[in-house]
Amino acid sequence: MASLRVLYVDEESALEPVRRYLEEETEAAEFDVQTVTRPEHALPALEEVDCLLCGAPLPDSKRGEGDAPTLAFLERVRERDSSVPTVVFAGEEAGVTVTAAFEAGVTDYVRKPETEPRRTAVGNDRQRTDQDVGVNSASSTTGSDSRPTAATNTVEALPATSQQYELLAHRLVAGVQPHGERDSSQPTAEAAIDHVADAVFITDIDGTIEYANAAFERITGYDVDDAVGKNPRILKSGEQDQTYYERLWDAILDGEVWEEEVVNERQSGERYYAHQTISPIVNDGAVEKFVAVQRDVTDRQRLEAEIERSAETLSQLHDSAFGLDQPIESKLERLLETVTESLDLPIGYVTRIDDGTQEVIAAVGEHETIETGATDPLERTYCRRTIDADEPVVVTDAEADPEWGADAAFDRFGLSCYIGARVLVDDEVFGTVCFADSEPRQPHVGRVQQSTVKALAQWVGRELERRRYEQDLELQSAAMEASMDGIAILDGDEYVYMNQAHADVFGYDVDDLIGTTWHQLYDTEEIERFEHEVFPQLVDDGEWRGETVAQKCDGGSVQQEVTLSLLDGDKLICTTRDISERKARERELELARTQLRQVIDLVPDLIFAKNRDGEYVLANETVATVYGRPVDEIVGRTDAEVLPSEADVASLSADDEAVGESMEATHVSDVELTAADGSTRVLETTKIPFEVAGTGEIAVLWYSRDITEVKTQRDRLDLLNQVVRHDVRNDLQVVHGRAQLLADRLEREGLSDVAVHVSEVLEAAEEAIELTKTARDLTETMLERTDGPEQIPLEPLLSSEADSVSSRYGDARIDLERPVPDVTVIADEMLESVVENLLVNAIVHNDSSRPRVAVSAAVDDDREWVELRIADDGPGIPDDRKEDVFGKDEKGLESPGTGLGLYLVRTLIDQYGGEVWIEDRDRRVQGEDAAPEGSLVVVRLRIAADG
């Protein structure tokens, strides 16, 4: 491989690409490239190089100077060393022509790659400047009159940058090696042309093809051997008329270069676009041959057509974007129709993706599964990939694509060709814009088409954002108009907007206040308050909230709750609410609260409330008197802070937490409290749980009555009662014992007539003893019992009392029906007295020699009540006396007793919240005259919640 030292002078931006290609990429020779940017620096280095490569225009050449600077430099090169081969590397704006360059002594002339493709319409006027004649003359370098060859006299119109640099490399090698001394290891010019990507062919003066390179066969489809000897008219497509060809021949026969884009036809009949340059080969002023170079620009033409079509499409999209009066659905369909026509794809649709589901919100074209309103699981759609891609997703032949052929989307929709782009609304994925066809798409979808779809997706996103914004504005506007609060916007001091509610506050119409200032709605005092207090705070905080008094149009005033908020610029939002009625209610409530407080303070009993933390939230004056401190020193403090001892604290806090948890009132009979004067007070208390208004906290209200004196009197009476009962009972026991001895003796002596009288004495004594017990129970019930009800198991109580009474009355029989319901009832320990009195009453008031009593119990269906039924076989009680027997002074039928037993029963059952009544043992049929057989006492008791 030959080694060449090249000195390259050119603009700085052109040096590095050429140097890198020559030194690193080409295999034409082993190049060593030295670069300079100033021509004067190149002259001293000519002796050290094999070849000079001169860029044109030269650096620092000024527009309008033409070829003068370059030619002057070339003249200086020839004067300094005429043996150095010189190659001109001419750019698009090179001022030096081919002819002038050869006259200046250059070895060769090569064009630089075009920075932008030139587009010349078919039939454009020929470019007849000498600059565009791509001819070099061998006589210019060798002095010979020999005919130029295709290898040394070729028009340069090269395609790509690398190919142009490769041609330059071969020209440099050819320029350095004289004719006849070429290195046989180096490729010939013909071989180099065979590697050029453009089709190159040479014809004689009559147009017969004498030579064609390999690219000719690839581009046209004609075999080179078949093409040689034929006329280039084999490539005619019919797009150019006869006039065109006449102009072409006139130009090239005159020695001019013909350059344009034409529509040719391949051997297959397929048409293609070619950028064609035809250059005459001139020898001694006579045209001898023609060199034609064709570059296949079909892809570029297609791209340009796509760009033009895309521009038209985007223009139509732009026009549609301003159709603001159209519903979004109609606008989307119109846009889809525009783009489907532009892309030549029959199906277009827009989707919304939400919660794993694709919904089609607009669609054009015929497809059974793609229509407006259709939904599909996202995992079965093309769009599942589209929404994750920044760029459009393109499928041209799904069936042939291994990635899509077995995809669920292809199975569902059968779309072979698909292009889709995601739609973002407020930077969040909304859905997609998609275009498709059931048939494959050839050629592939281009970047311009993808850009069109992406642009449409962006427009759809912006349109949806705009519509969402408009809807939000409409909602806000509607909300402002519908708001019961007054809303106004001020620019400076002037109203620029207000809703009717704002105007109503002042009694005006909206039109009366728009354009006026706020000052007319407030008196001087309020205006000064706004200007000196409110506005400075508004500037510092951006917002102000408070109450004001404004003037109404009728001269009255209105109390307002006002909120001011700063906006951009000098604007602010004013929100007002008429609080006149609220203020009036607050005054009324405050008056009612004051009056209620007076009433509470007048109550002689202690009334106070404590929250869960034990802090007093309420206390009346009676509490203050007992505690020995004012109310304001009690409220907010705990028992430990206001009571004198730990015992008092424990007494007043017992069960508070349980009452608050259960939310059920509790009665406490005796609560002892040490008063401020040192005395001990006994309080009968009811604790009531409640929810504190406005806070939701649970508190316990204490209502405590001072029963200290009452308890003292009750204790004295109880003591007296015990003493009397004890003494009377003892005396009666003596009477009963003596009478029993007397009765026994009379019975032994046979004085039965006298013994009858003694028996009556015994019975009277027994009843008197029983009466003392009943009196005791009644006393406890009336005077001593203050504790609340308890939960009493029913079965053991009935069993115990039945056994106890049976043992006392041996002649009687008591039958307890089993099993007894396993329930607990709301009562207390005195329930034993109830059952005992009813059993005894059923026996002693029975006229049978062997009284029989049946006891049973039954639970209702709702398990809320249990009925205790005690039946006897005595004489029964007439209907007109069934209610009266429970009276305090009533006795049983022909009974010598006092009637206190049944009165005690009624009293206790009432305290338990139950009922008691009497029925006939066997209910009589309507109209039957027979007397009932015995009585039935029914006691109804409530079952405990957990019983």
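The values are calculated or read from the model by the stated rules, or taken from the named source; none is laboratory data. All values reported here derive from a predicted model rather than from experimental measurement. Note that we place each Cβ from the backbone using ideal geometry, even for glycine, and neighbour counts take in every protein chain shown.
Criterion first (at pLDDT below 80, buried (at least 18 other Cβ atoms within 10 Å of the Cβ), assigned by TED's automatic domain parsing to the domain that holds Val825 and not in a strand (DSSP E or B)) does Val925 satisfy it? Here the answer is no, as Val925 does not meet what is asked.
All of (1) touching a residue at least 24 places away in the same chain (Cβ under 8 Å); (2) out of contact with any helix residue (DSSP H, G or I) (no Cβ under 8 Å at 6 or more places or on another chain); (3) part of a loop (DSSP other than H, G, I, E, B) hold for Asp861 with one exception: (1). Name every residue in the stretch 448-498 that is farther than 30 Å from Ile527 by Cα, among the hydroxyl-bearing types (Ser, Thr, Tyr) and without any contact (Cβ under 8 Å) to a residue 60 or more places away in the chain, in order of residue number. Of everything in the stretch 448-498, just one residue is farther than 30 Å from Ile527 by Cα, among the hydroxyl-bearing types (Ser, Thr, Tyr) and without any contact (Cβ under 8 Å) to a residue 60 or more places away in the chain, namely Tyr469.
Give all pairs with beta carbons closer than 7 Å in which a residue from the stretch 867-880 that is outside any strand (DSSP E or B) meets a residue that is of a type in the set (Asp, Glu); count only pairs at least 6 apart in sequence or on separate chains. If the second residue must be of a type in the set (Asp, Glu), the pairs left are Asp873/Glu933; Gly874/Asp847; Pro875/Asp847; Gly876/Asp920; Gly876/Glu933. When each of Asp632, Asp670, Asp648, Asp677 is tested for being closer than 22 Å to Ile600 by Cβ and either part of a helix (DSSP H, G or I) or touching a residue at least 40 places away in the same chain (Cβ under 8 Å) (or both), the lone residue that passes is Asp632. Considering only residues in the stretch 601-619 that are under 53 Å from the mean Cα position of the chain (by Cα), free of Cβ contacts under 8 Å to residues at least 40 places away in the same chain and in a loop (DSSP other than H, G, I, E, B), the one that is surrounded by the most Cβ atoms within 10 Å (Cβ to Cβ) turns out to be Glu615.
Each residue in the stretch 855-865 was checked for being over 57 Å from the mean Cα position of the chain (by Cα) and among the hydrophobic types (A, V, I, L, M, F, W, C), and 3 pass. Evaluate the stretch 321-339: report whether one residue or more is crowded, with 19+ Cβ neighbours inside 10 Å, in a loop (DSSP other than H, G, I, E, B) and at pLDDT 80 or above. No, the conditions are met nowhere in the stretch 321-339.
Only one entry of Ala169, Ala197 meets the criterion of being of a type outside the set (S, T, N, Q), modelled with pLDDT of 75 or more and over 16 Å from Asp108 (Cβ atoms), and that entry is Ala197.
Of all the listed residues (Val282, Val287, Val291), the sole one being at pLDDT 85 or above, surrounded by fewer than 19 Cβ atoms within 10 Å (Cβ to Cβ) and not assigned by TED's automatic domain parsing to the domain that holds Glu463 is Val287.
With respect to the conditions (1) over 30 Å from Val423 (Cβ atoms); (2) without any contact (Cβ under 8 Å) to a residue 40 or more places away in the chain; (3) not basic (Lys, Arg), Gly507 falls short on a single one, namely (2). All conditions in (1) modelled with pLDDT under 90; (2) exposed (fewer than 14 other Cβ atoms within 10 Å of the Cβ) hold for Glu23, with the sole exception of (1).
Residues that are among the acidic types (Asp, Glu), within 12 Å of Tyr165 (Cβ to Cβ) and in contact with a strand residue (DSSP E or B) (Cβ under 8 Å, 6 or more places away or on another chain) within the stretch 17-33 comprise just one, Glu23. When Val36, Val6, Val49 are checked against the criterion of being in the same structural domain as Arg76 (by TED's automatic domain parsing), modelled with pLDDT of 90 or more, in contact with an Asp or Glu (Cβ under 8 Å, 6 or more places away or on another chain) and among the β-branched types (Val, Ile, Thr), Val6 stands alone in meeting it. Checking each residue of the stretch 396-409 against the condition of being at pLDDT 90 or above and assigned to a helix (DSSP H, G or I) gives at least one match. Considering the conditions (1) surrounded by fewer than 22 Cβ atoms within 10 Å (Cβ to Cβ); (2) over 60 Å from the mean Cα position of the chain (by Cα); (3) modelled with pLDDT of 90 or more, Asn213 is excluded by exactly one of them, (1). Of the residues that make up the stretch 543-564, is at least one assigned to a helix (DSSP H, G or I), farther than 15 Å from Asp493 by Cβ, among the β-branched types (Val, Ile, Thr) and assigned by TED's automatic domain parsing to the domain that holds Met498? No, that holds for no residue. Could you say whether any residue in the stretch 65-77 is part of a loop (DSSP other than H, G, I, E, B) and in contact with a strand residue (DSSP E or B) (Cβ under 9 Å, 6 or more places away or on another chain)? The answer is yes, given that some residue of the stretch 65-77 is part of a loop (DSSP other than H, G, I, E, B) and in contact with a strand residue (DSSP E or B) (Cβ under 9 Å, 6 or more places away or on another chain).
Return the residues of the stretch 342-359 that are at pLDDT 95 or above, hydrophobic (A, V, I, L, M, F, W, C) and either outside the structural domain of Asp411 (by TED's automatic domain parsing) or surrounded by 23 or more Cβ atoms within 10 Å (Cβ to Cβ) (or both); say none if nothing qualifies. Val350 - this is the single residue of the stretch 342-359 that is at pLDDT 95 or above, hydrophobic (A, V, I, L, M, F, W, C) and either outside the structural domain of Asp411 (by TED's automatic domain parsing) or surrounded by 23 or more Cβ atoms within 10 Å (Cβ to Cβ) (or both).
Can you find a residue in the stretch 440-451 that is part of a helix (DSSP H, G or I), modelled with pLDDT of 90 or more and not charged (D, E, K, R)? Looking through the stretch 440-451, none of the residues is part of a helix (DSSP H, G or I), modelled with pLDDT of 90 or more and not charged (D, E, K, R).
Scanning the stretch 793-823 for residues that are surrounded by fewer than 18 Cβ atoms within 10 Å (Cβ to Cβ) and in contact with a Gly (Cβ under 9 Å, 6 or more places away or on another chain) gives Pro793, Asp822.
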